[in-house]
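J.: Just passing along the structure, written as structure tokens.
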């Protein structure tokens, strides 16, 4: 599902947008610095501040994320579902390390701390232009 | 399934198999390439103990073979890393430091894990804007947007960090990471070896200032590590003793640090003369020099006369500083000596032992009474091959402690 062509869009070069919904079905759209590729069918995002996005995901595990390919600026839309939250392990370490590297440049390593890695199963991947049909499972 | 469908299925299966074969071949060829790279790297590129050459070799390997244009090697020092070599950076940045845990490089060093990071500019901006904090100045490529950094480790020891940067946002992929993982162990081992060798050489150099190489050679040793207690050699050698006369009252007029500077200035003038004449300094005793000339008494006499000449220059120099001239005494005697290692296992010293040392020292003491600078014993005069180059002046007979017979002493000057 996550093919080689999509990988550059999952390197944090251009920030991504994620849409979640509250228990009253009010959508929330926010910017995330990176959608991490985990394996062929999973991606992850970092939880640093316990924002509304993560509150919403407790209620509705389904979300839509839009990533941008840095080479051609084409937008891809991924339908994702939160399946687990990691606070340790290889994925968590890698994401934590990247955050620490950037944050420490501005002496912000104590502020920008990875709380957890939210892992999502990817249900579909499409170009934005192809995403005409309404998201099915949202 | 229809015949048509079957043949279609077979075709599909065949094409699938072919794809798998191609994939395997591809993997195999990559493995072969990897092995080739590893062989070349260890046998040619990293096969040097000279750190500068090694850095150059690593940098050109990374650039020419792997296409990494902007690279840096930082060596680890306790709580920080220091840029030891850089390639493709406008500002070389050599000597700049990165604290452990700071930035991409510091974090890689602290966590001992490779990191590949894209979109550095965006990410940095994100943190800066959110936190309202400026980034610290760290050694980096101007406008770097992608970076890989890898810890260089030998077993559990962190040797340093290798990093490659690019202005492009998406410059490195998983393959680059893999290549670096393959070569980093060898690079780390090569740097570690060269650093250790470098350190060893510095140590040997420092050691040779304390135990002269000539002394070791006399004992038939190449390095101080070969010496042991009881190593010794006997032979006829010449001892030169020299001392600043009335140094104690002189030093009372100076502060301790002035005294130190003065003595070092004086020794710096005199000591090279010993060496130039084939001798070596066995020890300094305050302002006194005890030197050994293993080859011939002629070397010692020539050195003694040269010291006399240089004393005049030294006095002229200190006169400019408003100091009164100093006088020195030099005594030279030839005789049987034992050069060897003395002490006990934990504190050894190379030294010479023999009556000859006492006699030379006694002669130096007598210079004051006889109002001369240089005195040599009759043995020196007798054994001097170049005797006809000098004029000897028999001055006195002196007794030496523990010796029944008096020693005849001579003043020396060059034959005009």
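No value in this document is a laboratory result; all are computed from the given coordinates. Remember, predicted model here, so these are calculated numbers, not experimental data. Methodologically, a virtual Cβ is constructed for each residue, glycine included, from the backbone with ideal geometry; neighbour enumeration extends over all protein chains shown.
J.: Calculate, in nm to one decimal, what residue B:233 and residue B:66 gain on full extension: separation in residues at 0.36 nm each, minus their alpha carbon distance.
T.: 54.3 nm
J.: If all Cα-Cα distances of the stretch B:213-414 are sorted into 10 Å bins from 0 onward, what percent lands in each bin, rounded to whole numbers?
T.: 9, 34, 34, 20, 4
J.: Tell me the Rg and the Dmax, in Å, that the Cα atoms of the stretch B:97-210 produce.
T.: Using the Cα atoms of the stretch B:97-210, the pair Rg, Dmax is 17.4, 59 Å.
J.: Kindly rank B:234-242, B:340-348 from highest to lowest mean number of other beta carbons found within 10 Å of each residue.
T.: Result, highest mean first: B:234-242, B:340-348.
J.: Okay, moving on. When the Kirkwood radius is taken over all Cα pairs of the stretch B:261-301, what Stokes-Einstein diffusion coefficient follows at 20 °C and 1.002 mPa s, in µm²/s?
T.: Result for D is 204 µm²/s.
J.: Further question: Can you pull the mean other chain C-beta count within 10 Å for peptide A:2-13?
T.: 3
J.: Summing -39500 (n - 2.57) over the DSSP H runs of n ≥ 4 in chain A and dividing by its residue number, what mean residue ellipticity at 222 nm do you reach, to the nearest 500 deg cm²/dmol?
T.: -5500 deg cm²/dmol
J.: What per residue convex hull volume, in Å³, comes out for the protein assembly as shown when only alpha-carbon positions are used?
T.: Per residue, the Cα convex hull of the protein assembly as shown comes to 259 Å³.
J.: Sticking with this structure for a sec: Quick one: compute a quarter of the convex hull surface over the Cα atoms of chain A and quote it in nm².
T.: With every direction weighted equally, the projected area is 8.3 nm².
J.: So what is the relative contact order of the stretch B:264-416, in percent, for Cα pairs below 8 Å that sit 6 or more residues apart?
T.: 18
J.: Another question, if that's okay. Run through every distinct alpha carbon pair of the stretch B:205-250 and return the Kirkwood hydrodynamic radius in angstroms, one decimal place.
T.: 13.2
J.: May I ask you to sort B:142, A:61, A:52 by Cβ crowding, counting other Cβ atoms within 10 Å and putting the fewest first?
T.: Sorted ascending by nearby Cβ count, the order is B:142, A:52, A:61.
J.: Work out how much length residue B:182 to residue B:38 would gain on full extension: take 0.36 nm times their residue separation and subtract the Cα-Cα distance, in nm to one decimal.
T.: Roughly 51.1 nm would be gained on extension.
J.: A follow-up question, please. Rounding to the nearest 10 and keeping the result within 0 to 90°, find how far the Cα-based axis of helix B:3-40 lies from the longest principal axis of chain B.
T.: Long axis of B:3-40 versus the principal axis of chain B: about 10 degrees.
J.: At a Förster radius of 56 Å, what calculated FRET efficiency corresponds to the Cβ-Cβ distance of residue A:123 and residue B:202, to the nearest 0.05?
T.: Efficiency, rounded to the nearest 0.05: 0.35.
J.: Which of B:45, B:191, A:7 has the fewest other C-beta atoms within 10 Å, and how do the rest follow up to the most?
T.: In increasing order of surrounding Cβ atoms, one gets A:7, B:45, B:191.
J.: A further question on this structure: If one computes the Cα centroid of the stretch A:76-111 and of the stretch B:247-276, what distance in Å separates the two points?
T.: First find each Cα centre; the distance between them is then 65 Å.
J.: Calculate for chain B the 222 nm mean residue ellipticity that helices alone would give, adding -39,500 (n - 2.57) per DSSP H run of length 4 or more and normalising by residue count, nearest 500 deg cm²/dmol.
T.: My calculation for chain B gives -15000 deg cm²/dmol from helical runs alone.
J.: Here's another thing I want to ask about it. Once label points are set 7 Å from the Cα along Cα→Cβ at both residue B:383 and residue B:217, what is their separation, rounded to one decimal in nm?
T.: 1.9
J.: A further question follows. Just A:111, A:119, A:43 to compare: in a GNM of chain A, with alpha carbon springs under 10 Å, which one fluctuates most?
T.: Maximum among the listed residues: A:111.
J.: Please give the FRET efficiency for residue A:115 paired with residue B:20, using the beta carbon to beta carbon distance and R0 = 41 Å, rounded to the nearest 0.05.
T.: Rounded to the nearest 0.05, the efficiency is 0.45.
J.: Looking only at Cα atoms, what is the convex hull volume of chain B per residue, in Å³?
T.: Expressed per residue, the convex hull around the Cα atoms of chain B is 269 Å³.
J.: Further question: In peptide B:105-111, how many Cβ atoms from other protein chains are near each Cβ within 10 Å, on average?
T.: 4
J.: How high is the relative contact order of chain B, given as a whole-number percent (alpha carbon pairs under 8 Å, six or more residues apart)?
T.: The value is 11 percent.
J.: Over all directions, how big on average is the projection of the convex hull of the alpha-carbon atoms in the stretch B:216-330, in square nanometres?
T.: 8.4
J.: While we're looking at this one, here's another question. When only alpha-carbon atoms are used, what values of Rg and Dmax, in angstrom, describe the stretch B:305-416?
T.: Radius of gyration, then largest Cα-Cα span, for the stretch B:305-416: 16.8, 52 Å.
J.: At a temperature of 37 °C and a viscosity of 0.692 mPa s, determine how fast the stretch B:1-94 diffuses translationally according to Stokes-Einstein, using the Kirkwood radius over alpha-carbon pairs as Rh; express D in µm²/s, rounded to the nearest whole number.
T.: 189
J.: Any idea what the relative contact order of the stretch B:46-202 is, in percent, if you count C-alpha pairs under 8 Å spaced at least 6 apart?
T.: 25
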